[in-house]
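A.B. asks: Quick one: structure below, then a few questions.
The values are calculated or read from the model by the stated rules, or taken from the named source; none is laboratory data. Since the model is a prediction, treat every value here as computed from it, not as a measurement. Every residue, glycine as well, gets a Cβ built from its backbone with ideal geometry; the counts of neighbours run over all protein chains shown. Please note that ligands, DNA and RNA were not included when accessible areas were found on the heavy atoms of the full protein model with its side chains. Shrake-Rupley method; radii C 1.70, N 1.55, O 1.52, S 1.80 Å.
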Amino acid sequence: MTAVNLIDFNAKRNGGGQVIADTDDGYTRTANAIQDQLCRLDISGTQFQVLNAIIRSTYGYNKKQDRVTNTYLAELTGISEKSVRKALEALTERKIITCTKSGIMKLVAVNKVVSEWVVKSGKAENLSRNAEQMVQRNKCSNKAEQMVQQVGINGSSERNKCSNTKDNLPKTTNQRQIIMSPPTADDAPIKPDSAIQKGKHWGTAEDLAIANQFEAILKNTLGEHHRPPNMALWANDIRLMRTQDKRDPKHMVSLFALAHTDNFWKTNMHSPAALRKHWARLASLYNERKAGYGNGQKGITIGADGKPMTGQDWGKKARELAVNL
């Protein structure tokens, strides 16, 4: 038997090593009936990513169901939380998965009654229509070639009436490659100052250190339901807050930790992107507590010593939560 060496050109171009899949490192066991349905399933790419993330989070850990958040699925798939929410709604409506609220999280599972899955969608008809249009374009292209053979160069004006044919494509090889193979995010150049980078998302050593503190705070809140985040994405958001928004790193950690001492914010503050989005509201919360007040309805917040919490007390509590985890 001849040995064959496989070369990962993407890994070499990006400066990384090869990653080889091996069942010794773990595997996901799914029923053949589910795999058969997946082969026939007509869903969008985003929905397919979310479905695979659910399979990974459940069957990948030998569980029938799992509690997850949109943030976790977004970080696992690399798509936005809004797209995750829409994909979950579509998959639930088509009875491919089950999804129910479970406190601040969602209880998701693959619907094992595969006969209930709505395998085909209205897009199938569009695909069939597109296939028919492609056949018509090929006929048009063949007709144009026949015109060239019959009337020569003078038939070029007639030939141009058949639009979207292969004759209208750029003639040079490089131009054709640009049209057929656009650059992807994985081809992003390596940043010289990056301590972590995945595609276009990257961060320095300082950004990664802050991201690790954020994860420790979030892990303390979620406990066993915590899942490792996309650290490159987190470091990227922290870098943007630091360089574009001119936020002080110690203020980032303090506000993120402060959010996880509040019953409302600790259910919504699960990433640096959320902190960046709601910075002003959290800063207002900090100023309220600095003045010794709670949320405006409960009045003064009382500390463990029976006295009103001051700004110094809240800052100390936030720093302890951020540093001592």
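A.B. asks: Where in the range 255-293 are there chymotrypsin sites (Phe, Trp or Tyr not before Pro) that are in a DSSP coil and have at most 12 other Cβ atoms within 10 angstrom of their Cβ?
C.D. replies: Loop-located and lightly packed - 264.
A.B. asks: Are any of the pairs 82/106; 63/101; 266/316; 63/112; 82/112 more than 21 Å apart by Cα-Cα distance, and if so, which?
C.D. replies: 82/112
A.B. asks: Then there is this: For residue 239, what accessible surface area do you get with a 1.4 Å probe? Give it in Å², rounded to 10.
C.D. replies: Solvent-accessible area, nearest 10 Å²: 40 Å².
A.B. asks: Using alpha carbons only, how many angstrom separate the centre of the range 237-278 from the centre of the range 218-236?
C.D. replies: 13 Å
A.B. asks: Place a point 7 Å from Cα of residue 287 in the direction of its Cβ. Which residues in the range 233-268 have their backbone N less than 20 Å from it?
C.D. replies: Backbone N within reach: 245-260, 262, 265.
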